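Quick note: the coordinates plus some simple rules give every number you see, no bench work behind them. In this text the structure is predicted, and so the values were computed from the model without any measurement. Every residue, glycine among them, receives a Cβ derived from its backbone with ideal geometry; neighbour counts consider all protein chains shown.
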Amino acid sequence: MRTEKRMLDIPVHEYFCYVTIEQVRPMEAHCSYGKMAICETWVEECKRQMNAGHVLTREFLANAILFQCVILAYNPLRWIAMLTGGSVQQ
């Protein structure tokens, strides 16, 4: 537990609550959910940076192909950004 310096010392608590049907130990569940959060961050980054969140046509298959092209282009960009310590820019 830590306290923040304000007019009054107020303790700050951090709690995590995971709900799962998996038979895993608490630390394994925590690590698994952490990996999922990283993946969700990458999906959100892809949607914002590569404009993958917009439907371009009214045809499902055309949109699926375009989305696959965006992901194929995004993956090398993300890899290079990770190697250089930077982030992907639009």
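Observations
- Sites L56 and S32 - FRET efficiency at Förster radius 25 Å, r taken between beta-carbons, to 0.05: 0.15
- Relative packing of peptides 36-44, 62-70 - highest average C-beta neighbours within 10 Å first: 62-70, 36-44
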